[in-house]
1. Output the lone cysteines of the chain: those with no second cysteine's C-beta under 4.7 Å from their C-beta.
2. Once R0 is set to 35 Å, what does the formula 1/(1 + (r/R0)^6) return for the Cβ-Cβ distance between His267 and Lys198, expressed as a FRET efficiency to the nearest 0.05?
3. Note down the net charge around Ser24, summing +1 for each Lys or Arg and -1 for each Asp or Glu among other residues with Cβ under 10 Å from its Cβ.
4. Among Ala57, Ala39, Ala99, which one moves the most in a GNM of the chain with springs linking Cα atoms closer than 10 Å?
5. May I ask you to give the percent of accessible area on the chain that is carbon plus sulfur, with a probe radius of 1.4 Å?
6. Just flag the GluC sites (Glu not before Pro) in the stretch 78-183 sitting in loop per DSSP whose Cβ has no more than 14 other Cβ atoms within 10 Å.
7. Relative to the longest principal Cα axis of the chain, at what angle does helix 141-154 sit, 0 to 90 degrees, rounded to 10?
8. Note the full-extension length gain between Glu138 and Glu92 as 0.36 nm times their separation in residues minus their Cα-Cα distance, in nm to one decimal.
Amino acid sequence: MTDIKTIAAFFRENDNFLILSHASPDGDTVGSAYGLCHALHKMGKKARVECADEIPARYDYMVKPVEIQDFQHENVVAVDVADLKLLGKNNELYGDKIALAIDHHRSNKGYAPITYVNADAGANCENIYELILELGVEIDKVIADNLYTGIVTDTGCFKYQNTTANTHIIASKLIECGANYYEINRIMFDTKSFARLKVEQQAVDNIEMHFDNRCALMTITAEMQSMVTPDELEGVTPIPRQIEGVLIGVTIREKTEGKFKCSVRTHEPIDASEICSMLGGGGHNRAAGCEILGTLDEAKQKMLKAIADYLGE
Ligand SMILES: [Mn+2]
């Protein structure tokens, strides 16, 4: 495990960076990538971001102000990427070429020769903030909007248990540097399309309760998703855990025929990451995920079996 000074030196001593964010991009991986990219530009370095999937339009205010540069990349950096599999199609292109990884997932696989993992950070954007300070780059509004977004999205607007005193301190500094917190939180948390609400309604209707009502399992089929864009569904996964008495909330989402993305959200003392790792996935203590192949019914049974094994029941 390396420290922030070492990774700062890596950026000072090198140039022409390709920054990779994970597929199905969220606010933290986008904020980490574009915040860092813009900071490198301010140092006079060449840098650009690549993501396997299109970055949803709701993040336009983070992406658009960052200059587009064309150059031959020399150093590949991954941000908020715990596992090479999460790079999507970029894994084939760059998986074996990543020189440096900056992450906050305890489950980081250590795929990069230089790996900085600070699992105490609620969001990886907290790590990027510390890095940018170490690099001596002034935090402008573009960086502040990017990093603030990563922090609020990964901490559920400072609600989740990964939120620390330091998370708030960094967020306050970012507001001082111009982060448009009101607009960002409105876009990220207080805006839903009507179609999304309809899908939510159907999803809530199909919730099943298991393990003496300690586990709630919600399904989102391909048919339900056809009513919305993937981006419109952002933030559905915490719903099952909101039910009173539920310790384990599971959302099973049909990705393609025979392939399901499972998200597990838990309350103390249930370790979501441990449950998902039994199925080849991983993540954080209270939020983790995995992919299951088979029919919907098989996916449910595999997930319930992993939970039963975890609970020792
Ligand atoms: Mn993250």
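1. So far as the 4.7 Å Cβ criterion goes, Cys37, Cys51, Cys125, Cys157, Cys177, Cys215, Cys262 stand without a partner in the chain.
2. Details: r = 28 Å, r/R0 = 0.80.
For His267 and Lys198, the calculated efficiency is 0.80.
3. Numbers: positive: Lys255, Lys261; negative: Asp26, Asp53, Asp231, Glu234.
Every neighbour counted, the sum reads -2.
4. Judging by the Gaussian network model, the answer is Ala57.
5. Numbers: 7160 of 14210 Å².
So the carbon and sulfur contribution to the accessible surface is 50 percent.
6. On the way: sites: Glu92, Glu126, Glu130, Glu134, Glu138, Glu176, Glu183; in loops: Glu138.
Here the sparse-neighbourhood loop sites are Glu138.
7. Its long axis makes an angle of about 20 degrees.
8. On the way: separation 46, 0.36 × 46 = 16.56 nm, distance 3.53 nm.
Extra length from Glu138 to Glu92 when fully extended: 13.0 nm.
The values are calculated or read from the model by the stated rules, or taken from the named source; none is laboratory data. For clarity, every value in this text was computed on a predicted model and none was experimentally measured. Cβ sites come from the backbone with ideal geometry, for glycine too, and all protein chains shown count toward neighbours. Ligands, DNA and RNA are excluded from the accessible area calculation, which covers all protein heavy atoms including side chains. Shrake-Rupley method; radii C 1.70, N 1.55, O 1.52, S 1.80 Å.
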